[in-house]
Amino acid sequence: MDNRRLFLFKGLMWILAGLAAAVAIVRFSLGLGVSTALSDTTPWGLWIGFDVMGGVALAAGGFVMAAVVHIFHRERYHAAARPAILTAFLGYGAVAVGLLFDLGLPWNIWHATIYWNIHSALFEVAWCVMLYLTVLALEVTPTILERTPFQRTYRFFVKLALPIMILGIMLSTLHQSSLGTMLLIMPFRVHPLWYSHLLPELFFVSAICLGIVMVMVESTVTSWLYKREPEMEMLAGLARLASIALACYFVMKMGDLLRQGKLAMVFDGSWLANLFIAEMLLSTVIPMVLLALPAVRRSFTGMWLLACCSVLGFVLDRINASGLSQVWATRRFYFPAWTEFAISLGIVAACVLVFFFIQERFPVDPHGLEEVEAERKAREAALPAFAPFAQVWLGEGWRKAAKVYSFLFVLALAFGLTVAPKAQPAVNTPAVRAVGASILQIGPGPRYVYFDHKKHQDEAGGPKSCALCHHLHQKGDVGTPCVVCHGNMFLPTSIFNHETHVADLHGNASCAQCHGKGEPIRVTPTKKCSQCHDKDMMAANPVVKTFDSKWAPSYKDAMHKMCIPCHVEKAKDAALKLPNLGRCGACHNSGTQSEKAYRAEFPVQTAAPGRP
Ligand code: HEC
Ligand code: HEC
Ligand code: HEC
Ligand code: HEC
Ligand code: HEC
Ligand code: HEC
């Protein structure tokens, strides 16, 4: 391999891909809990912010160039069209892969195709990704077929090209904006500086800007890597386009803030405001101003740097909008685990490698292809494949490189597997006993639900209310804390102790009482628990009418099945004026003021007493 730059760069990509492969194994075998820093409060992290939101935006080059070249017939950009469309295809592929990593149940990803929820913003997003990915595959096909013997199929696809391009541009428009739509439904989460009714439009316009600068980055980087003459005229044209598009975006964004009366918020000095300023400077202001200068447009380095700066700024914008801008509402700071970075970088690396692979074999950029071909020919001419004197097979250049690459990949994979977290997910979480007279804290850790026992008791009819919630007691008790039986947050717990039963029911004489007389002993005894414990343990409860299983459901299930139906019912009660009582937020409001008050009063948590 003569081109050292390219060789090192590809080697790095293979290392990243190997590391990501290791993390992927951990993620799919042990789950999200082990492989990410995500939580219920911050369910969207780097993978959504960067891979999905960023990936889609980075792929915008495809539809922008398709429109510029094939609709507006700006032929001088022709050379950029195919690489841009290929990038878009790979970018969307990366989005789909990124989603697979992020979804809790990735094998259900096809559900959106059959179980339609036409009121969901995600429904639109899902369909646009699927359709556009298909369209992009069709747009890339002619490139693959052009120099193959399948000329008839090739010509068929070429004929199909224009309608497909138009379809692609339409879908892109829908999709780029629908990512903004998705944020529209969380006005209480997204910081006001990012939240706007114009989010879909802003996302669309910024995608156009990003598309143009992304094409610039791609073109400059490939010409540097392949040591090729940069196409300065095309780049300068793109730079001009970019500065115009960026100016439009800037006016729109600032006008929108002005319209909403939020302009002062930009300068209030909070770190989110500063983040906003940084994002606007990087993505828009600096590139817009400098790219408008003819002197800058004559400099390769200048254009390269500014395009990168703008790309960084826009990716930051997507990460801000879908992640960082929500920290103020959740008050939980999330920093991605290294494994999340590994996956994100690995997906990008894999895309880059596929890009190179296709670029070097198919006429994506005919220049490049011819150069690679010439280089290969020269190498073949210089080296005999088989050295007859030494009796050694010297191999082809690519084979040597491939050996190095696969070695690096395996090395990174092995390294990743050794350092990746291997702990089991924290499913086995004991529930914590509620303590205190009036306020009960249920559940461990920073997430908890306040439950005002006294208020509920009074609300539900005072002394007679108990059976509404307390369905089982330990013998001789009234109101055993639920946690004594529902002892695990996520897993069912057995409340049956075989030994004490045998002892209490007089040893060997007891067996027949439960297992049946003269019958073989089975794991499922003939007698139901309630046949002995109807009076002494059970309260008349509408939720659990019988008691025939020793398995107490998980604490979470017990609470939800007990608390939510009543809340949903009471939410309809107009007299109460609590329409949101049935929603998650009525109980799950972590990070509230009362946490401090609660801690001051009850500093120590008492762990659940273990069950037999
Ligand atoms: C009526 C009150 C109530 C409502 C409404 C409610 N929950 Fe819960 N939830 C609880 C209680 C109580 C627990 C268990 C104790 C704890 O975690 O503090 C719990 C636990 C959980 C847990 C497991 C513990 C954890 O923090 O990880 C999850 C997840 C959860 N709820 C999700 C939801 C979701 C999603 C909704 C809305 C569909 C919801 N809950 C609605 C009361 C409620
Ligand atoms: C709305 C449902 C509800 C009603 C009504 C209710 N309780 Fe409770 N009670 C609970 C929950 C939930 C807990 C805490 C569960 C835990 O510890 O995990 C609890 C806990 C208790 C505890 C144990 C407190 C501790 O810290 O050890 C006692 C005792 C109790 N209840 C008695 C009563 C009595 C007596 C009544 C009737 C006057 C009653 N409860 C009515 C839901 C209810
Ligand atoms: C003495 C042990 C014990 C105590 C205390 C207890 N439970 Fe249970 N609970 C059980 C068992 C066992 C079951 C399963 C019964 C069955 O399915 O036959 C159950 C079932 C339930 C269910 C029905 C779940 C379903 O899948 O339908 C709910 C809801 C529930 N418990 C809530 C509570 C709440 C709330 C408390 C406290 C106020 C509580 N339990 C206290 C043992 C207990
Ligand atoms: C109070 C009712 C009761 C009595 C009395 C009782 N068993 Fe069981 N037995 C059960 C239940 C319930 C199971 C189901 C498994 C479990 O929950 O441990 C079981 C399971 C078993 C098993 C299956 C293996 C296992 O441990 O899972 C054996 C063997 C067994 N019992 C033997 C006996 C013998 C021998 C006696 C008399 C000394 C006896 N049992 C008395 C209720 C009873
Ligand atoms: C043949 C009658 C009988 C059956 C069937 C039976 N129990 Fe019991 N259980 C008893 C007796 C007797 C005691 C001890 C009473 C005492 O100590 O006052 C007891 C005690 C208990 C206790 C409290 C003591 C302890 O072990 O922690 C629990 C909980 C319990 N049983 C659960 C169950 C469950 C769950 C089942 C069904 C799988 C069941 N029992 C089936 C007779 C029975
Ligand atoms: C029998 C019906 C009923 C059950 C069961 C019930 N709740 Fe409630 N809950 C209410 C009502 C009614 C209110 C409103 C009380 C008020 O503010 O006047 C309420 C209020 C609350 C609130 C305060 C919400 C707010 O916005 O003020 C919390 C938290 C809560 N419940 C948690 C729970 C949990 C946890 C459980 C299960 C252990 C539970 N509730 C079970 C009826 C119920």
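Hey, can you tell me all the residues within segment 543-573 that are exposed (fewer than 12 other Cβ atoms within 10 Å of the Cβ), within 14 Å of ligand 6 (Cβ to nearest atom) and assigned to a loop (DSSP other than H, G, I, E, B)? If the condition is that a residue be exposed (fewer than 12 other Cβ atoms within 10 Å of the Cβ), within 14 Å of ligand 6 (Cβ to nearest atom) and assigned to a loop (DSSP other than H, G, I, E, B), then K572, D573 are the ones that fit. Among the residues of segment 486-498, is there at least one that is more than 16 Å from ligand 6 (Cβ to nearest atom) and hydroxyl-bearing (S, T, Y)? Looking through segment 486-498, at least one residue is more than 16 Å from ligand 6 (Cβ to nearest atom) and hydroxyl-bearing (S, T, Y).
I'd like the full set of residues that are in contact with a Leu (Cβ under 8 Å, 6 or more places away or on another chain) and either open to solvent by 60 Å² or more (accessible area, probe 1.4 Å) or at pLDDT 90 or above (or both), limited to segment 107-123.
The first filter runs over segment 107-123 and keeps only residues in contact with a Leu (Cβ under 8 Å, 6 or more places away or on another chain), leaving 109, 112, 121.
Listed by number, the list holds a single entry, I109.
The condition of being open to solvent by less than 10 Å² (accessible area, probe 1.4 Å), in the same structural domain as M288 (by TED's automatic domain parsing), in contact with a helix residue (DSSP H, G or I) (Cβ under 6 Å, 6 or more places away or on another chain) and more than 21 Å from G49 (Cβ to Cβ) holds for only one of G180, G168, that being G168. K535: open to solvent by 40 Å² or more (accessible area, probe 1.4 Å) and in a helix (DSSP H, G or I), yes or no? Criteria met by K535.
Per the listing V190, V221, V217, V205, the residue uniquely within 34 Å of the chain's Cα centre (by Cα) and open to solvent by 40 Å² or more (accessible area, probe 1.4 Å) is V221.
Residues are listed down the side, and each one gets a yes or a no for (1) closer than 30 Å to K556 by Cβ; (2) among the β-branched types (V, I, T):
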position: N488; (1), (2): yes, no
position: L491; (1), (2): yes, no
position: S494; (1), (2): yes, no
position: N497; (1), (2): yes, no
position: T500; (1), (2): yes, yes
position: G518; (1), (2): no, no
position: R522; (1), (2): no, no
position: T526; (1), (2): no, yes
position: C532; (1), (2): yes, no
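Do you know which residues across segment 471-492 are of a type in the set (A, V, I, L, M, F, W, C), open to solvent by 50 Å² or more (accessible area, probe 1.4 Å) and within 9 Å of ligand 3 (Cβ to nearest atom)? Break it down into steps so the answer makes sense when it comes.
From segment 471-492, those of a type in the set (A, V, I, L, M, F, W, C) are 472, 478, 482-485, 489-491; that's our starting set.
With the extra rule that they be open to solvent by 50 Å² or more (accessible area, probe 1.4 Å), the set shrinks to 478, 482, 490-491.
The one that is of a type in the set (A, V, I, L, M, F, W, C), open to solvent by 50 Å² or more (accessible area, probe 1.4 Å) and within 9 Å of ligand 3 (Cβ to nearest atom): C482.
Restricting L468, L576 to residues that are open to solvent by less than 60 Å² (accessible area, probe 1.4 Å) and either under 41 Å from the mean Cα position of the chain (by Cα) or within 16 Å of ligand 4 (Cβ to nearest atom) (or both) narrows the list to L576.
Among the candidates I521, I495, the residue that is crowded, with 19+ Cβ neighbours inside 10 Å and either closer than 25 Å to P542 by Cβ or without any contact (Cβ under 8 Å) to a residue 12 or more places away in the chain (or both) is uniquely I495. Filter segment 104-148 for residues that are part of a helix (DSSP H, G or I) and among the aromatic types (F, W, Y); which is nearest to D365 (Cα to Cα)? It comes out as Y132. Taking each residue of segment 443-471 that is in the same structural domain as P481 (by TED's automatic domain parsing) and at pLDDT 80 or above and looking for partners that are in a helix (DSSP H, G or I) and within 16 Å of ligand 5 (Cβ to nearest atom) with beta-carbon atoms closer than 9 Å, six or more apart or interchain, yields C469/C482; H470/C482.
When the residues of segment 507-518 are filtered to those that are assigned to a loop (DSSP other than H, G, I, E, B) and open to solvent by 80 Å² or more (accessible area, probe 1.4 Å), the one that is nearest to ligand 1 (Cβ to nearest atom) is K517.
Charged (D, E, K, R) and within 11 Å of ligand 1 (Cβ to nearest atom): which single residue out of D536, D573, D548, D557 fits that description? If you could, list the steps in order and put the result at the bottom.
Numbers: D536 fails: within 11 Å of ligand 1 (Cβ to nearest atom); D573 fails: within 11 Å of ligand 1 (Cβ to nearest atom); D548 fails: within 11 Å of ligand 1 (Cβ to nearest atom).
The match here is D557.
Scanning segment 26-42 for residues that are in a helix (DSSP H, G or I) and either surrounded by fewer than 20 Cβ atoms within 10 Å (Cβ to Cβ) or among the aliphatic types (A, V, I, L, M) (or both) gives V26, F28, S29, L30, L32, G33, V34.
What number of residues in segment 43-59 are open to solvent by less than 20 Å² (accessible area, probe 1.4 Å) and either part of a helix (DSSP H, G or I) or modelled with pLDDT under 80 (or both)? Before the answer, list the steps.
Let us first name the residues in segment 43-59 that are open to solvent by less than 20 Å² (accessible area, probe 1.4 Å), namely 45, 47-49, 51-57, 59.
Now narrow it down to the ones that are either part of a helix (DSSP H, G or I) or modelled with pLDDT under 80 (or both): 47-49, 51-57.
So the answer is 10.
The values are calculated or read from the model by the stated rules, or taken from the named source; none is laboratory data. Note that the structure is a prediction, hence the values are computed from the model and not measured. Virtual Cβ from ideal backbone geometry, glycine too; neighbours counted across all protein chains shown. Please note that ligands, DNA and RNA were not included when accessible areas were found on the heavy atoms of the full protein model with its side chains. Shrake-Rupley method; radii C 1.70, N 1.55, O 1.52, S 1.80 Å.
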